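Only one structure is covered here, and it is reproduced in the block below.
No value in this document is a laboratory result; all are computed from the given coordinates. Model, not experiment: these values are computed from the prediction. As a convention, Cβ positions derive from the backbone with ideal geometry for all residues, glycine included, and neighbour counts pool all protein chains shown.
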């Protein structure tokens with residue numbers, strides 16, 4: 001009789017190969033390699049360190065304060081103002097028969113030129129203090145009649161340019177805190193342009209004529225311009241002080257006003273009822289070109305570039321090291337469904353870099369802002385939700401870049417090539433858009449289609465239709481909305497991951 | 001030295017990746033240069049430094065040179081080949097010197113093609129974009145001394161970047177980390193100097209960055225307003241390369257493999 005031999009069976013249950021186990025395996029691999037953990041910590045520290053440097057290195061103590069509008073935004077409030085007090089309700093009517101601008105070709109060499117947003121018209125303003133509330137109706141060089149208030153609001157009126165043949169008549173009525181603007185081409189038929197409520201005008205406001213001439217946009221930079229307008233038929237009704245008109249420059253010394261071109265100055269002269277007023281500056285929200293000393297969150301977060309290089313190296317190594325050490329055989333034996341292995345790796349890597357990036361940015365932004373402000377630097381204001389979006393965006397940018405490096409590393413199976421490809425794809429576009437002579441259209445294109453588009457998450461500056469400026473990525477104005485820019489990078493990462501998954505399944509390890 | 005040189009040359013010649021990297025470097029340099037010169041426009045007289053713009057591809061080409069140089073040594077560490085190399089040539093300084101010499105030779109040769117190709121593209125494309133003699137932009141020519149200096153300097157710059165990368169890779173012994181450090185050194189300084197508010201610090205940073213200083217050699221106009229002169233700037237890059245090679249050489253002697 002042959003004895004029955006029971007084959008040995010392990011008492012342990014079959015190994016599980018669920019996604020959670022894969023995640024756990026990848027997390028263990030990540031956290032036990034000292035170099036990778038150090039790398040991620042260094043990336044977070046870089047973000048903080050460079051914010052510190054940016055805050056400490058800038059010193060603008062003692063520079064004149066940046067004028068701030070009623071909404072808290074920085075403004076340019078420098079213009080030539082011919083005014084008298086208005087104690088209560090009243091109206092003012094004037095005709096404009098000419099508005100001519102000059103732009104220097106070289107310093108001191110003034111030539112007639114076109115400044116599309118040169119302005120001449122009537123303004124009622126709380127006081128001559130910069131940033132005080134106002135409402136104005138005006139003719140512009142290329143944008144017809146406009147009514148503007150509170151620096152950011154702009155309403156279009158009669159179109160067409162102004163000349164001796166097509167005189168524009170403007171009227172502004174104050175009734176309490178409501179100000180209504182009218183425009184007419186013939187003095188008989190008036191059209192209402194708009195009514196605005198200006199809070200904080202006070203019992204006695206300043207009203208009168210103004211001329212402003214913002215810098216002319218030229219290639220990469222701007223050049224200060226000066227404009228002259230001819231007014232006539234000036235009539236006032238209501239509680240005006242009467243007497244003489246006072247002419248003067250509002251905000252002659254201001255960080256948001258670059259001054260008059262060489263050998264010119266603001267002035268006003270009167271002869272036979274015609275007033276000729278010359279002025280420079282603008283009444284408008286300040287943008288990067290008009291407030292070059294202002295700082296942005298993006299500048300405080302320059303450390304993102306250093307962090308980016310570190311997380312890209314870590315991301316590529318997370319897979320290429322497995323190939324080099326042949327650990328990939330074990331990994332794929334343990335997790336035969338290869339795409340899931342890749343997804344598990346991407347999840348662990350993306351999660352870790354996101355957390356590190358968020359920690360870095362959440363410390364860097366408030367710290368950098370505080371240091372910069374302590375050094376007298378004006379930082380363009382942001383709402384706390386925008387600040388949070390920038391911090392989350394930077395974290396997402398770092399996480400996605402490292403996942404992209406992981407995917408490219410899987411495709412190449414080779415770290416040097418993967419690291420270089422991803423760094424060049426993200427950082428080089430940013431360097432290229434900073435080169436002079438590259439037209440705005442090209443730098444906008446680069447900031448739209450390359451993975452560098454993701455830097456749009458740093459955007460905190462606002463573009464204004466009524467302010468001509470170089471709205472380029474170099475100046476902090478990105479062509480894509482923050483999350484759209486991020487989506488471009490995410491698209492590259494997802495496409496590369498898909499390609500990597502296909503290759504991983506088709507190839508032997 | 002001769003056998004070591006021969007060995008290094010054989011290693012480079014018999015693997016396909018160095019050839020592809022060099023061809024890629026030439027293609028990337030010329031393509032970026034041609035791309036940049038074909039999109040610029042000149043609205044008024046005196047639009048700026050067209051030689052420098054025509055050589056902008058070096059910004060991209062240097063990244064491929066860095067990969068090649070890093071792989072020359074870090075690749076050997078990755079595969080374990082370094083043990084064979086050091087067993088064959090026990091004098092370690094000779095090994096590093098032989099690698100540096102072969103690398104200099106091939107990068108200089110490929111760099112010459114890339115730089116001349118970029119200048120040729122600029123010469124062909126720029127007059128079509130209103131950069132004409134009447135506006136103060138004669139066609140690019142190597143008989144013009146500043147342009148010749150820019151061309152020769154760019155070739156030297158590329159070889160110095162190769163030597164810097166070789167030095168860093170000898171110190172670090174890992175290709176991904178070395179390439180990260182090299183590209184960080186090159187690309188971060190220009191980005192960071194934009195952030196620094198203090199103009200004095202900004203110029204200092206541009207003077208010591210291996211890329212921002214070294215590429216000063218490409219300037220042909222407004223030399224006086226540069227943070228650093230053309231040759232002095234290339235000297236800074238050479239200093240970086242020498243320091244990296246020296247440190248790498250010392251570590252190579254002191255360490256086991």
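Listed values, structure above:
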| read-out | value |
| --- | --- |
| Shielding by partners, peptide A:297-309 (average Cβ within 10 angstrom, other chains) | 3 |
| Tilt relative to chain B, helix B:175-195 - C-alpha long axis, 0 to 90 degrees, to 10 | 30 degrees |
| The protein assembly as shown: calculated mean residue ellipticity at 222 nm from DSSP helix runs of at least 4, using -39500 (n - 2.57) | -17000 deg cm²/dmol |
| Pair residue B:15, residue A:175: separation of 7 Å Cα→Cβ label points (nm) | 8.5 nm |
| Residue B:87/residue B:109 FRET efficiency (R0 45 Å; Cβ-Cβ; nearest 0.05) | 0.90 |
| Label point 7 Å beyond Cα of residue A:326 along Cβ direction - residues of the range A:467-509 with amide nitrogen under 18 Å | A:508-509 |
| Residue A:509 versus residue A:272: modelled label distance in nm, points set 7 Å from Cα along the beta carbon direction | 9.7 nm |
| Fraction of antiparallel bridges per DSSP, chain A only, in percent to nearest 5 | 100 percent |
| Model label zone, residue B:251; criterion: amide N under 18 Å from point 7 Å along Cα-to-beta-carbon; scope the range B:57-78 | B:66-78 |
| Extension gain (nm, one decimal) between residue A:386 and residue A:199, 0.36 nm per residue minus Cα-Cα | 64.7 nm |
| Tilt relative to chain A, helix A:415-432 - C-alpha long axis, 0 to 90 degrees, to 10 | 0 degrees |
| Separation in nanometres of the label points that stand 7 Å from Cα toward Cβ, at residue A:246 and residue A:337 | 8.0 nm |
| Using a Förster distance of 41 Å, the FRET efficiency for residue A:28-residue A:502 (Cβ separation, nearest 0.05) | 0.95 |
| Theoretical FRET efficiency, 1/(1+(r/R0)^6), r = Cβ-Cβ of residue A:164 and residue A:84, R0 25 Å, to 0.05 | 0.35 |
| Within 10 Å of each Cβ in A:55-68, the average number of Cβ atoms from other chains | 2 |
